[in-house]
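Accompanying notes for the structure given below.
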Amino acid sequence: MTAVGIDAIEIWTGKLALDLAETFAPAKDENPAKYTKGLGLKASSFPDTYEDIVTMGANAAKRLLDRKGLEPDDIGRIDVATESAFDNSKPVSTYIAGCLEEVYDGDFHHANKGERKFACVAGTQSIDDAYNWIKAGRNRGRAALVIATDTALYARGDPGEATQGAGAVAMLVDEDPSVVELSTHQGYGSADETDFLKPNQQFPSVDGKRSVQVYLARMREALEDFETVAGRTHPDDYAYIPFHTPFPGMVRKAALLGFRHMTRDTAVEDGLADEIGRQPREADFEDWDAYEDAIREYMDALKETETYDTWYARAIDPTLTLSRQVGNWYTGSVHVARASALKTAAETGRALSGEKLLVGSYGSGAQAEIHSETVADGWREEIEALDIDEQLARRYDLSFEEYGRVHDAHNHEKERELEEFTVPSGEFVFTGWGRMNEREYEYVD
């Protein structure tokens, strides 16, 4: 059976940066460690005033198509995942296709286009859609272009303000992939939740404590559901485990929960028994509260063990390197985490072909999906082609006053100022609004 998966990845980060320790924390009169240690973030990326979800998505897509030597006729499907859409009817994919048609011969009139919404999990759902489309034989030899693009803004003063970010990840889903082969093994955890939502408003309403609880609960359900089709999981089964990363501190919680689950009734638990005891079993307790207290005590002890620390450093920490520098990209977050892990492997000379990833995606509202991927032989060449380090180094460092102006410029409720902080070159830019209040774009050489 022909393998289907991700054949190429490109990343486009917002061109502005806000240093959380040096700029944001002093302006808030707060300890920088609240952000660098607690949240696990160093900086956030923001779009310049001529950037938005269309330009970032189109720029990532163009880099991908150019590098792979592809033309519009090679693409049969364009799916955009976003929770930053600005139109309730016209999908972002049509805007991005229109941008690309400015610079390529031919057009995308033949391509199926859509927009996926389920908070941050929509990027993974779009990959699932592309996979199913190809496996069903409906692609006619063409590949799918999946783009996750978001500007994650919170209201000024909101507790989530420090986790903001902006960027796009473009992925080519095709047969005989070069980066990762997707598996049919998937697990889901889904429930009607109100942890994070945008009811006809730009900035989210967030119940922070509840959001963490829902994230962990749905991830646990998804892992348990995954094991019903893939069999028991074990920490040693996977080279890396990229999670949806609203901020690295959230991943620390999910990783600990996952490690405890995967090591129950294994030699790992046996080996830790003398040091921290065995995992509590519900049947040994008279009530649920006592059981939960015991679980918390066990997990507090577990995260201090060398066994857990070694695994975390190998399988989890490499997935967070980029996220620490860019913040939350909503639909692109877990795909940034995957790229970060593969980038670390390439830089350290790790032989990764044939090894497996366990990918944990999540979207508020709420749904988690866990699936496995197998690293393909061409992964290193594809990952080494990324220029994300150069993009990060070129970002303009905002002062706190400038950050406020950028935030206002991207607030849909305020008149947009077009003062630029950087000079666009070789990219798509936003130029204003048309007669029907549609957004207009052009390519700047």
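The values are calculated or read from the model by the stated rules, or taken from the named source; none is laboratory data. Nothing here was measured: the structure is a model prediction, and the numbers come from that model. Quick reminder, even Gly has a Cβ in these numbers, built from the backbone with ideal geometry, and neighbours come from all protein chains shown. Note: areas computed on protein heavy atoms with side chains; ligands, DNA, RNA excluded. Shrake-Rupley method; radii C 1.70, N 1.55, O 1.52, S 1.80 Å.
Against the conditions (1) open to solvent by 10 Å² or more (accessible area, probe 1.4 Å); (2) out of contact with any Gly (no Cβ under 9 Å at 6 or more places or on another chain); (3) not charged (D, E, K, R), residue 9 satisfies every one except (1). Of the residues in segment 369-382, at least one is more than 30 Å from residue 227 (Cα to Cα) and modelled with pLDDT of 95 or more. Looking for something part of a loop (DSSP other than H, G, I, E, B) and either touching a helix residue (DSSP H, G or I) at 6+ places or on another chain (Cβ under 9 Å) or not β-branched (Val, Ile, Thr) (or both) - is there at least one such residue anywhere in segment 54-67? No, that holds for no residue.
Residue 80 satisfies every condition listed in (1) of a type in the set (A, V, I, L, M, F, W, C); (2) under 30 Å from residue 370 (Cβ atoms); (3) in a helix (DSSP H, G or I); (4) in contact with a Ser or Thr (Cβ under 8 Å, 6 or more places away or on another chain) except (3).
The residues in segment 218-245 that are out of contact with any Phe, Trp or Tyr (no Cβ under 8 Å at 6 or more places or on another chain) and under 30 Å from residue 43 (Cβ atoms) can be counted, and the count is 6.
What are the residue pairs meeting all of these: first residue in segment 288-310, first residue modelled with pLDDT of 95 or more, second residue hydroxyl-bearing (Ser, Thr, Tyr), Cβ atoms under 7 Å, and 6 or more apart or on different chains? So the pair list comes out as 302/308. Could we say that residue 145 is closer than 14 Å to residue 334 by Cβ and either under 20 Å from the mean Cα position of the chain (by Cα) or among the aromatic types (Phe, Trp, Tyr) (or both) here? So residue 145 does not fit the description; no.
Would you be able to say whether some residue in segment 51-58 is more than 22 Å from residue 133 (Cα to Cα), among the aliphatic types (A, V, I, L, M) and touching a Lys or Arg at 6+ places or on another chain (Cβ under 7 Å)? Checked against the condition, which is being more than 22 Å from residue 133 (Cα to Cα), among the aliphatic types (A, V, I, L, M) and touching a Lys or Arg at 6+ places or on another chain (Cβ under 7 Å), segment 51-58 yields at least one hit.
Only one of the listed residues (180, 173, 206, 121) is under 30 Å from residue 28 (Cβ atoms) and in contact (Cβ under 8 Å) with a residue 40 or more places away in the chain. That residue is 206. For residue 302, the criteria (1) aliphatic (A, V, I, L, M); (2) open to solvent by 20 Å² or more (accessible area, probe 1.4 Å); (3) more than 21 Å from the chain's Cα centre (by Cα) hold in every case but one, which is (2).
From the list 168, 254, 217, the lone residue that is over 21 Å from residue 80 (Cα atoms) and touching a residue at least 60 places away in the same chain (Cβ under 8 Å) is 254. Working only within segment 217-240, note down all residues that are open to solvent by 40 Å² or more (accessible area, probe 1.4 Å) and in contact with a Leu (Cβ under 9 Å, 6 or more places away or on another chain). 220, 237, listed by residue number. In segment 126-166, of all residues being assigned to a loop (DSSP other than H, G, I, E, B) and aliphatic (A, V, I, L, M), the one that is nearest to residue 12 (Cα to Cα) corresponds to 153. Taken over segment 18-42, the residue count meeting the criterion of being crowded, with 24+ Cβ neighbours inside 10 Å and part of a strand (DSSP E or B) is 1.
Of all residues assigned to segment 191-210, at least one qualifies as being touching an Asp or Glu at 6+ places or on another chain (Cβ under 8 Å), in a helix (DSSP H, G or I) and either modelled with pLDDT of 95 or more or not aliphatic (A, V, I, L, M) (or both).
Of everything in segment 81-117 that's free of Cβ contacts under 8 Å to residues at least 40 places away in the same chain and of a type in the set (Phe, Trp, Tyr), which residue is nearest to residue 443 (Cα to Cα)? The extreme case among them is 104. Specify the residue that is farthest from residue 187 (Cα to Cα); the eligible residues are those in segment 339-357 that are open to solvent by less than 10 Å² (accessible area, probe 1.4 Å) and not hydroxyl-bearing (Ser, Thr, Tyr). In this case the residue turns out to be 345. Taking residues in segment 418-431 that are under 20 Å from residue 408 (Cα atoms), and partners anywhere that are open to solvent by less than 60 Å² (accessible area, probe 1.4 Å) and of a type in the set (S, T, N, Q), the pairs with Cβ atoms closer than 7 Å and at least 6 places apart or on different chains are 418/49; 419/49; 420/49; 429/55; 430/55.
Could you tell me how many of the residues in segment 113-128 are open to solvent by 40 Å² or more (accessible area, probe 1.4 Å) and touching a Pro at 6+ places or on another chain (Cβ under 8 Å)? Selection size over segment 113-128: 2. Could you tell me whether segment 258-278 includes any residue that is of a type in the set (A, V, I, L, M, F, W, C), closer than 18 Å to residue 369 by Cβ and at pLDDT 95 or above? Yes; the residues of segment 258-278 include at least one that is of a type in the set (A, V, I, L, M, F, W, C), closer than 18 Å to residue 369 by Cβ and at pLDDT 95 or above.
Residues are listed down the side, and each one gets a yes or a no for (1) of a type in the set (Gly, Ala, Ser); (2) modelled with pLDDT under 95; (3) open to solvent by 10 Å² or more (accessible area, probe 1.4 Å); (4) in contact with a Cys (Cβ under 6 Å, 6 or more places away or on another chain):
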residue: 96; (1), (2), (3), (4): no, no, no, no
residue: 110; (1), (2), (3), (4): no, no, yes, no
residue: 130; (1), (2), (3), (4): yes, no, no, no
residue: 145; (1), (2), (3), (4): no, no, no, no
